[in-house]
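Everything on this sheet refers to the single structure shown next.
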Amino acid sequence: MDSLRAAATQTGFTLAGVAPAVDSQGFHQLTQWIDAGYAASMDYFSNRLQAYSHPRHVLAGVRSIVVLAYPYDAAIRPDVPLGHGRVARYVGAGADYHDVLHKKLRLLANTLVAEFPHAAVRGIVDTAPLMEREVAIAAGLGWQGKNTLLLNRQHGSYFFLACLLTDLELPLSQPHATSHCGTCTACLDACPTQAFPRPGILDASRCISYLTIEHRGEIPLELRAGIGDWLFGCDVCQDVCPWNRKPSRQVEFNDCELSSLELQTLFELDDEQFRAKFRQTPFWRSRRRGLLRNAAIVLGNQRDRRAMAALQKGLADAEPLVREACAWAIEKIET
C-alpha cells in the first residue's frame, strides 16, 4: 500500500484511503431518494438500483476499495461580464475529467498489479453504480456536508473522487466518524433554486447543475430566474461553504483557463462545428441543443439588448428546445 500511496501522490491525488467492500449502509436512503422523485430524469439510478447495494456488482470478488481525491481549481473568480455564461469550477481547463482521471487510475492499477500480479483491479470515476461518498467516508477522506458533497477539513470540497476496486485485502483506513458542519446552513440558504428539501437531501429537479447539464427538456419557467448567469453547472453551495474559504489554485489539466463562455457566438455553431469544438470537453454532456438552451436563458436573465441578434437567429434553429428558450429570452429583454 505504501507504493500505491506514493504513486497516487506523484500522480496528483491529494487524499487516499482504503475502505472495505461491504453492503452499502445508505442503500435504503438511495431508494427513498429515488422514490421521492429527487433523481428527476436520471433513470440510470433506478435502472441499476440493486447494483448500488454492494461493490461486488462493480467488481466480482472485490474486498477493498482505494478511494482517492483529485483537486480542481479553487481560486476566487470574478463576476462574468454581460454576454458571458458562468461555468462550474470543475470544468477547469475544458478537459473531460473522466478521461484525465481514468488515465491516472490506470497508472495506479498498474502499480498495484506490478506488486500483486494476480490481482483484479478496476478503476472508476463516478459512472459505475457505487456509493462513492459513502465509501469515501469509510476510507477516512471526510464527511458528507449538508449540500450532500464530501467535505474535508484541509481541502474543502473542490475535488473529484475516484476509486480503485480490487480483490486484494488491503490495510483499511480509519473511517471518518464526525461531521464538522455544526449549525451552519450557508449552503442550504444560498441555493438560488431551493434545491435542498432538508439538510443532506438534494432535489435534482431543482438543482442548477442538473438542469443545465443532465436535463434534456425545457427548464421550468419558475426556475429560470434562479439560474442567473450559470451556463453549465453551479458552484453556489460550495462557494459559500466555510470549509472552502481558503482558496488555492490547484494544478489544472492543462494551461488553458476556462471560467466562462461567450454566449452569442454559440448560436453560430452548427452540429459539426459544435462537435469539433466541444467533443472532448464536459460541454458535450449537454449537447448543442442543451448548451444553446442554457445560453438563451442566461441572456434572457441578463436582459442585454445586444444579444437580440443571436437570439433572433436561435428562433430559426432546427431544435424546438432552442427556439422556445430564445423566444422566452427575447420576451424578457423586450419587457
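The values are calculated or read from the model by the stated rules, or taken from the named source; none is laboratory data. Everything numeric in this text was worked out from a predicted model, so none of it was measured. Reconstructed Cβ throughout: ideal geometry from the backbone, glycine too, with neighbour counts over all protein chains shown. Side chains are part of the model used for accessible areas, which takes the heavy atoms of the whole protein and leaves out ligands, DNA and RNA. Shrake-Rupley method; radii C 1.70, N 1.55, O 1.52, S 1.80 Å.
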Original post:
Can you pull out the residues in segment 263-290 that are surrounded by fewer than 19 Cβ atoms within 10 Å (Cβ to Cβ) and of a type in the set (S, T, Y)?
Top reply: T265, T281
Subject >> Scope segment 11-57; condition assigned to a loop (DSSP other than H, G, I, E, B) and open to solvent by 30 Å² or more (accessible area, probe 1.4 Å); matching residues >> reply: T14, V22, D23, Q25, A36, G37, Y38, A40, S41, D43, R48
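Table: residues versus (1) farther than 17 Å from I208 by Cβ; (2) assigned to a helix (DSSP H, G or I).
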| position | (1), (2) |
| --- | --- |
| S286 | no, yes |
| R289 | yes, yes |
| A309 | yes, yes |
| K313 | yes, yes |
| D317 | yes, no |
| A325 | no, yes |
| E331 | yes, yes |
**OP:** Just one of (1) farther than 30 Å from K104 by Cα; (2) not small (G, A, S); (3) not in a helix (DSSP H, G or I) trips up L188, so point out which.
**Re:** (3)
Original post:
So which of L107, L82 is under 21 Å from Q280 (Cβ atoms) and either of a type in the set (D, E) or open to solvent by 40 Å² or more (accessible area, probe 1.4 Å) (or both)?
Top reply: L107
**OP:** Filter segment 58-85 for residues that are more than 23 Å from S157 (Cβ to Cβ) and in a loop (DSSP other than H, G, I, E, B) and give the result.
**Re:** V58, L59, A60, G61, V62, R63, P81, L82, G83
Subject >> Positions within segment 118-160 being in contact with an Asp or Glu (Cβ under 8 Å, 6 or more places away or on another chain), surrounded by fewer than 21 Cβ atoms within 10 Å (Cβ to Cβ) and in contact (Cβ under 8 Å) with a residue 60 or more places away in the chain, in sequence order >> reply: A120, E132, F160
**OP:** Could you give me the residue pairs with C-beta distances under 6 Å whose first residue belongs to segment 169-182 and is more than 24 Å from F116 (Cβ to Cβ), whose second residue is not in a loop (DSSP other than H, G, I, E, B) wherever it lies, and which are 6+ apart or on separate chains?
**Re:** P175/A138; H176/I137; H176/W143; S179/W143
**OP:** Sort out which residues of segment 291-335 are in contact (Cβ under 8 Å) with a residue 60 or more places away in the chain, surrounded by 15 or more Cβ atoms within 10 Å (Cβ to Cβ) and either farther than 14 Å from R224 by Cα or of a type in the set (A, V, I, L, M) (or both), and write them in order of number.
**Re:** L291, A295, I297, V298, L299, D304, A307, L321, A325
Subject >> Complete set of residues in segment 204-221 that are out of contact with any strand residue (DSSP E or B) (no Cβ under 9 Å at 6 or more places or on another chain) and open to solvent by 20 Å² or more (accessible area, probe 1.4 Å) >> reply: S205, R206, C207, E214, H215, R216, G217, E218, P220, L221
Original post:
Hey, any hits in segment 95-110 for a residue that's under 25 Å from D189 (Cβ atoms) and in contact with a Lys or Arg (Cβ under 9 Å, 6 or more places away or on another chain)?
Top reply: no
Original post:
Which numbered condition trips up R122, out of (1) under 29 Å from V298 (Cβ atoms); (2) modelled with pLDDT of 95 or more?
Top reply: (1)
